[in-house]
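First up is the structure itself, then whatever we jot down about it.
The values are calculated or read from the model by the stated rules, or taken from the named source; none is laboratory data. Nothing here was measured: the structure is a model prediction, and the numbers come from that model. For neighbour counting, all protein chains shown are included, and Cβ atoms are generated from backbone atoms with ideal geometry for every residue, glycine included. Calculation scope for accessible area: heavy atoms of the full protein, side chains included, ligands and nucleic acids excluded. Shrake-Rupley method; radii C 1.70, N 1.55, O 1.52, S 1.80 Å.
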There are 2 protein chains.
Amino acid sequence: MNPIESSPLTRKLSTFVALSDVDLETLARFHRRRRTFLAGHEMMHEGQSNASAYILAEGWACSYKMLPDGGRQVINFQIPGDFLGLRSILFRTSDLSLEALTDIEASEVFAPDILGAFAEAPRLATAVLWASSRDEAMMVEHLVNLGRRSAVERMAHLLMELGARLNHVGIGDRTGFSCPLTQYHLADALGLSAIHVNRVLRQLREDGLVTFRQGKVTFNNFEGLQALAGFDTGYMDHAGPLLR
Amino acid sequence: MNPIESSPLTRKLSTFVALSDVDLETLARFHRRRRTFLAGHEMMHEGQSNASAYILAEGWACSYKMLPDGGRQVINFQIPGDFLGLRSILFRTSDLSLEALTDIEASEVFAPDILGAFAEAPRLATAVLWASSRDEAMMVEHLVNLGRRSAVERMAHLLMELGARLNHVGIGDRTGFSCPLTQYHLADALGLSAIHVNRVLRQLREDGLVTFRQGKVTFNNFEGLQALAGFDTGYMDHAGPLLR
DNA sequence: CGTAGGATTGAACGAGATCAAAGCGGGTGG
DNA sequence: CCACCCGCTTTGATCTCGTTCAATCCTACG
C-alpha cells in the first residue's frame, strides 16, 4: 500500500474521483503541518479572517453559530477524516466558529495550499466539490430534522447519523460508539433545551432503543431506532467513482 | 459587452474566479437546451436517478423533502440565476424533490455537460465549488433559523433573505418584491403550521414591519425588521475574485 | 473533603399545533 | 351573467410539546 494514499481524506476523495500521482502528492502536502489542540480550544471564530482550514486526524470538534441572545446553534459535529473550514478559505472570512470538543490532532491547511492545489491538480477541485456536496446533503437532513421532527425523533436521528459516520471511518460498530458530547451539545445541535434533552434520552432508554451514558452510546434496538428516526443512509453512502 | 458573458450564472461564477475564454465558451454550452415548465410541475423527485440539473432563467422553484407522515420540509426557494440539482448529478441520484412554483424557463444541463466541463475547463470546478459553498452558507443560516429563532424571527429572516437575493439579481428593491409563495410554502420552509404562519404575518403587519399580501411583500420598516430577524448580509455577499 | 460541571427531576408556563369553521376571490361551466 | 367551486386566507378555541425556573444529585478531580 502506498503510504501517500493512507490519509482518511485521500481515501474519501478517491471514492469519487480517481486521483493521479500528481493529485496524490499535492494532497499529501496538506499534511505537512500537524497540530494539536486541547479540549475546549476555539480553533476558529465567526467573522475571523485569514483562518486556516484543518483536516481532523484525531478527536471531535464542533462548528456553531452564536445568537445575540446568547443562544447557540451547533451546525455539525466533526470527527476524524473530516475537512473543516473550507468556506473560511473560499470566502476569506469564516461564517462559523469551531471548537475542539476533545483533545485534537489535525493538519493545518493554509489558503495558498488549497488554492494552489486547485491550480496544479485541477481534479482535486472536483473531488473537493464532491466532498463538500456530501456535507451539504448531510446539512439538508439536519434541516429536515429541525424543521419537521419531534424531539425524540431528532435525537434518534442524530445518534444514528453519528454512529453511521463513525462507522465509516472505522470507529465504533453497530452496537454503539463512545461519544464525548454533553447533553448541552446535543441540545444546541437539536434546537432543544438541555433539560428536555435529558428527558428525551430517558425516554429512549426506557423504550429500550438507545442508551447514552457516561460517554457511551449503546444501540439497544437498532431497527426500532432507525424506524423511529426515519433514518435512511441514502444521503450518506454514495456509489463509486464518477470520474475515472 | 460580450454576449457569451451575459448569463446570470456566468456573472455569478465570475465574481469568484476569473474565467478564461475557454471557460466562458464551455459555460455557454450549458445553455443549449432551453426548456419551460408549468407552475406545479415536479421537475425532480427524491431518489430519482439520472436527473438533469437546471439553470433557472425565469420564475421560482422550490426544493423539498417529504416525510413518511406526509409532512414536508422546504429546503430552499430557487430564483432566477440559481443552479439547481448539482448534487443529483454528482451523486447520480437526487436527494430532494424540485417543484416549479410558477411557470419557469430554465436551461437543462446533463451530467456529461458538467463533468466534461470540469475536465476541459478545470477552473469551472473551482468556480462551481465556490457557488456551491455560498449555497451551503445560506443553508447554515436556515439551520440557525429553524433551530434557535422564534416563529416571528424566522419569518422576518426568510423574507429579508429572499429580498436580498432577489435584489442581487436585479428583481425587487429595498421597498419590497413580488412573491408567488403561499402561506403553506412559508410554513413548510419555516417548520411551522400554515395557521401559525398566518398569525405571524398578521403580527408583523400590525407591528408595521412587513406586509405580505396578494403576492407582494412590502418592507414597511426595513431596519426594524433587520433587527428583529438578526439578519446579517455577511453570509450572502462576498469579496471579489479569489483566483485570477 | 470540597468543589464544579454535568445529569436528573419536579412544577408552572407558553409558543405553537391542531381542530373546526368561516370568508374571499377568481376561474369555469351552465 | 350568474352560480358554483376550489384553493387560499383568516379567525377562534383547545390542547400539547417543549421551555423555564428551581432544586437536588452525582462523580470525577483537585
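Worth pointing out:
- Out of A:ARG202, A:ARG174, sole residue that is out of contact with any Leu (no Cβ under 7 Å at 6 or more places or on another chain) and within 15 Å of DNA strand D (Cβ to nearest atom): A:ARG202
- If you go through segment B:177-191 and keep only what is open to solvent by less than 50 Å² (accessible area, probe 1.4 Å) and either within 19 Å of A:VAL140 (Cβ to Cβ) or not in a loop (DSSP other than H, G, I, E, B) (or both), you end up with B:PHE177, B:HIS185, B:LEU186, B:ALA187, B:ASP188, B:ALA189, B:LEU190, B:GLY191.
- If you go through segment A:85-96 and keep only what is surrounded by fewer than 23 Cβ atoms within 10 Å (Cβ to Cβ) and within 21 Å of A:ARG165 (Cβ to Cβ), you end up with just A:LEU86.
- Residues that are assigned to a loop (DSSP other than H, G, I, E, B) and away from DNA strand D (no atom under 16 Å from the Cβ) within segment B:112-155 comprise B:ALA121, B:PRO122, listed in sequence order.
- Filtered residues of segment A:172-189 (kept if within 10 Å of A:LEU101 (Cα to Cα) and either more than 15 Å from DNA strand C (Cβ to nearest atom) or within 14 Å of another protein chain (Cβ to nearest Cβ) (or both)): A:HIS185
- The set of residues in segment B:129-167 that are among the β-branched types (Val, Ile, Thr) and open to solvent by 20 Å² or more (accessible area, probe 1.4 Å) contains only B:VAL152.
- Contact map, segment A:192-206: first residue within 18 Å of A:ASN145 (Cα to Cα), second residue open to solvent by 80 Å² or more (accessible area, probe 1.4 Å) and near DNA strand C (Cβ under 9 Å from one of its atoms), Cβ cut-off under 9 Å, separation 6 or more or different chains; pairs are A:ALA194/A:TYR184; A:VAL197/A:TYR184; A:LEU201/A:ARG213.
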